[in-house]
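Okay, structure first, notes after.
The values are calculated or read from the model by the stated rules, or taken from the named source; none is laboratory data. Everything numeric in this text was worked out from a predicted model, so none of it was measured. All Cβ positions, glycine included, derive from the backbone under ideal geometry; neighbour counts span all protein chains shown. We work out accessible area using only protein heavy atoms, side chains counted, and drop any ligands, DNA or RNA first. Shrake-Rupley method; radii C 1.70, N 1.55, O 1.52, S 1.80 Å.
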Amino acid sequence: MDFNEQQQAALSSTTRNLLVLAGAGTGKTRTIIGRASHLLSQGVEAKRLALLTFTRRSASEIRSRLGKTSGEAGTQVFAGTFHHFCLRIMSARRNWFGFEDLTVMDRDDQLQLMKFVRGNVVGKDSVIPQASQLLNYYSYARNTNQSPRAYLEKYTDHEMPVIEVMQKIFAAYRERKLANSYFDYDDILHRFAKVLHDNTEVRQKVAGQYDHVLVDEMQDTNPLQWLILENLGQCAHLFCVGDDAQSIYAFRGADFRNVHSFSQRLQHSQTLKLEENYRSTQEILDLANWLLERSKLNYDKKLRAYRGSGIKPQLVEFDSEFDEAEWVARAIVKRRQEGAVWNDHMVLCRTAYSARPLEAELIERKIPYRFIGGTSLLQMAHVRDLLSVLRVAVNHRDEIAWIRYLTLWPGIGEMTAAKLIQGMAQMQDLDQALHVIDAWPRNAPEVAETVRSIARHLEDPAQALQLLSEALDPLLDNKYDHWESRCKDFQLLEQLASRHRSISAFLERYTLDPISATEISRSPSDEIVTLITVHSAKGTEAKTCFVIGVQPGNYPHARSLGDESAIEEERRVLYVALTRAQDELILTRNMAKSYSRTSWNASTGSHYFLEGLPSKLISHQSLVGVSVQ
């Protein structure tokens, strides 16, 4: 691997704690792989390295590339998400972390459990927030390492009596999780961080296993993840790569300060920069640099294009979102007719909702596309029905999974299911629990026998899923419309399951990091246009990028007005969008509804990010009042 001067300085640094501020397209992944390869070549044992990422896909890519550069030693380095890293250690040393059994809950499980405990505590009281909002409050508090009460008092307008009731709901939620050995995503990080922080002996044993911890996408870390790194850093050297200008996940708890204040928060630390961009032309980067330069924050880097000059970015203005969508679709078709391929094109939207007019145009014109940022395969109801059986086969006390499975069967309503579950909760194992179902007077033998058959294949998840899909096919066919189309998803599930040695491993892997159906069914080489939300777009690129809806009210979003930190994050969202383009960048905006030139000046003043944009940076075309036919 060849490295430029800045990359070489970073990967060979001897500083104990190093932050590499890697601007968009500057070879962040290449540098972190180079660092791991360098350490291995210096004699560091593979098992003494840990490489932490934010997605399974990133971990897989890094692991593969590291194997090519460092051979067998590279494949032995742990590379995985924070959640997988913590869960791996906790599962192997359960007594250190204070639990015996563990079932990982995903978002839908958490929502169902929160609905259940809310109903028990307050019934239908409309004054108390609904379960989804309660879950957001609870999760955000955990990820930012503060108590739910402290979060509610500081960041919400709820009166104290309402907060007291929410405290009771949260307490019941925690008790129910504990009783059933449930761990949600936040519990994994929280339990791991708390034990490392509170227990010196465990901290020394865990941290002592590693000499170097490498962190990808450092700007996305939340306070819990920072606490984990601080504790690991008592023994290990930290090498953190990220970009403060791409910190766009505050709504998930990501803490901008983890990058922007790195040197102040860690002793024996240094910050280096990567500024040579290998993705885009200089004209595209000039626009991105201009956007950051107008910030009150000091991002202190300026991207330079390795590829040199190219096409000046465009800004095209329309009367309505429908005109905008039609023009973009026609522009893609025109480029295709001129020799470009479909997958040269990416369209970035602010939200999934804002993409609907364009989706309609793509469908109307028969343009093949995938949408990234939509419903994941494992969130689909019929898939969750299947997974519920796998879950009870692994943990017979999984109440959420039992109620989903039992109520699939005719004659078993929620009340009957609740009584059966109550009886099964007293049993010591799955076999005893299934006898409770057998003893039910109106029992259908297939209810228990289906679970028994799956329990015989705990070490063969693909076979278990095949048997299960056949057994439940009549029930699900009756429950869902368009079943012939839906049932094909089970083939994708079996493909995924075949990669795992057990049902437990399969459930843990894909509950932690759900996969969308389009990601499985299509390969990156497929001839297809990508439509993607900006928050899903980090790490992606395309030759031609359309960024739609770049109007006041979207950049920055209207809800951020009055909050300077939120406005700055909005600036970073637009920066991420701009820097996806390799050769051609086209921004579009529409002047519909309240987004007239008069209203944006009156409501947002100079906060509109493109106000004052120099003509030397962009070619502006107005199609307001002009037919785009």
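For this structure, a couple of remarks:
- Between Gln167 and Thr271, residue separation times 0.36 nm minus the direct Cα-Cα distance comes to 33.3 nm.
- Anisotropy class of segment 417-510 from Cα gyration tensor, a/c 1.5 cut: oblate
- The angle between the Cα long axis of helix 461-479 and the main principal axis of the chain comes to about 90°, on a 0 to 90 degree scale.
- With R₀ fixed at 22 Å, the C-beta to C-beta distance from Thr200 to Arg88 puts the FRET efficiency at about 0.50.
- Bins of 10 Å, starting at 0 and running to the largest distance - Cα pair percent for segment 61-162: 12, 27, 27, 20, 10, 5, 0
- Going by accessible surface with a 1.4 Å probe and the largest first, Ile372, Ile62 read Ile372, Ile62.
- Once the convex hull of all Cα atoms in segment 178-324 is built, its volume per residue stands at 188 Å³.
- With protein chains left intact and a 1.4 Å probe, residues in segment 431-488 average 58 Å² of accessible area per residue.
- Above-threshold pairs, the threshold being 21 Å between Cα atoms, out of Lys28/Lys68; Lys301/Lys543; Lys115/Lys488; Lys68/Lys538: Lys301/Lys543; Lys115/Lys488; Lys68/Lys538
- Options Val447, Gln426, Asn395, ranked by Cα towards positive dipole end of segment 393-485, top entry (Cβ charges): Gln426
- Ranked by the mean number of other Cβ atoms within 10 Å of their residues, highest first, the peptides 574-580, 142-148 come out as 574-580, 142-148.
- Relative to the longest principal axis of the Cα atoms of the chain, the long axis of helix 28-41 makes an angle of roughly 70 degrees.
- When the trypsin sites (Lys or Arg not before Pro) in segment 296-329 are filtered for DSSP coil states and for at most 10 other beta-carbon atoms within 10 Å of their beta-carbon, the remaining sites are Lys296.
- Gyration tensor (alpha-carbon) shape descriptor, segment 193-259, a/c threshold 1.5: oblate
- Taking the C-alpha atoms only, the angle from helix 107-122 to the longest principal axis of the chain is near 60 degrees.
- The aspartates and glutamates within cross-link reach of Lys273, meaning a Cα-to-Cα straight distance under 12 Å and a gap of 8 or more places when in the same chain, are Glu5, Asp243, Asp244, Asp300.
- Here the chain is assigned +1 on the Cβ of each Lys and Arg and -1 on the Cβ of each Asp and Glu. Its dipole about the Cα centre then comes out at about 1000 debye.
- Using a probe radius of 1.4 angstrom, the carbon and sulfur fraction of the accessible surface of the chain is 47%.
- Measuring spread by the Cα atoms of the chain yields a radius of gyration and Dmax of 26.2, 80 Å.
- Residues listed by number, segment 443-476, amide nitrogen under 20 Å from Gln495 label point at 7 Å toward C-beta: 461-470
- Solvent exposure of segment 197-316 as accessible area per residue, Å², 1.4 Å probe: 41 Å²
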